[in-house]
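Scroll down for the structure; my scribbles are underneath it.
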Amino acid sequence: MAPSGISLNKPAAITILVLVAGGVIMYRWGWSSPHSSAAETDISNAGSKKGNADIKPPDDSKMSKEIDVNKLPDFPLSPDINATAIKMITIDVKVKDKTLKINSRQTGPAESPTLTVLLLHGQAFTSQDWIRTLRLLASWGYKAVAIDLPDFGKSKAESLGDASEEEFMTALVGTLGSAPVIVSPSMSGRFSLPYLFSDRSDSEQRAAAFIPVAPVMTDKFKANYPKSQVPTLIVYGTEDKNLGTKSRADLQALPKAQIAPIPGAGHACYMDKPDLFRNVLHYFLTSLTK
């Protein structure tokens, strides 16, 4: 008998004490501290964000993305860049039963260039418009070759005849010794696109990489783009609402495509914003050799 006159059941008393103690603990650590829960969530999220930032995505995730061109570092510029020699070389391109005398401008390291870069041109241009870029490419360690396409520039007297543009490109690349990075603006898409994507899935063996600059004919090979594994940099001027917009829409089906819109540039974006174009060019070529 308790002094109060109330009889206590010992097991019941213990149960009551346990429940009361548990309630106090829950109150102190949970209900009475709403901010502590939020703080833990924030810390957990912060840790998660940091962890995600530290995880490097696989190489394929670097592809098929849009590049913020304004955030790219400036391309390296050698102080004696203008002293880089450019040779005028006639390339004998044998297509079917004829040999075309194709004018080219070439430069680069005498031995062991990292890559060969083949520069084509648009309707209103020739290899001469690539002279500054040729010198830069050589200073970056690449062999650089710009040609006058048949019927243009110093190759004006040369005609394909009954040969196709694809056959010409196959023969031309065969003279270079290795699969090049092909830079193909505008009209030159008539040559580069059939060569790379005409009913074939071996484009990555025919070119080390592809840099289309708002080329023509992109809609003709859409069915074959998903089969290609050639690294591609889609370049166009944001003010080019015709071929620029269309070529981007078509070519982004390439599995290993990156997209580089040149802000404020028109169709010939490499002429309108040459330094931005060269920043993109240097960035992409460097990524190929890492």
Between the range 263-290 and the range 88-155, what's the alpha-carbon centroid distance in Å? 18 Å
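With a 10 Å radius around each residue's Cβ, average the other Cβ atoms per peptide and rank 197-210, 141-154, highest first. Mind dumping the intermediate values first?
Working: 197-210: 17.9, 141-154: 21.9.
Highest to lowest by the protection proxy: 141-154, 197-210.
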Between the DSSP loop rule and a limit of at most 12 other Cβ atoms within 10 Å, which GluC sites (Glu not before Pro) in the range 55-164 are left? GLU111
Scoring only Lys, Arg, Asp and Glu (+1, +1, -1, -1) among other residues with Cβ under 14 Å from the Cβ of GLY266 yields -1
Final fewest-first order of ILE67, ILE102, ILE81, ILE211 on the 10 Å Cβ neighbour count is ILE81, ILE67, ILE102, ILE211
Skipping prolines and chain starts, which residues have an amide H placed within reach, meaning under 5 Å, of the one on GLN229, given they are 5 or more residues away or on another chain? SER203, GLU204
I'd like the trypsin sites (Lys or Arg not before Pro) in the range 214-286 restricted to DSSP loop residues with at most 13 other Cβ atoms within 10 Å, sorted by number. LYS241
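Read-outs: derived from the displayed coordinates by stated rules, not from any lab. Keep in mind it's a predicted model, so treat the numbers as computed, not measured. Methodologically, a virtual Cβ is constructed for each residue, glycine included, from the backbone with ideal geometry; neighbour enumeration extends over all protein chains shown.
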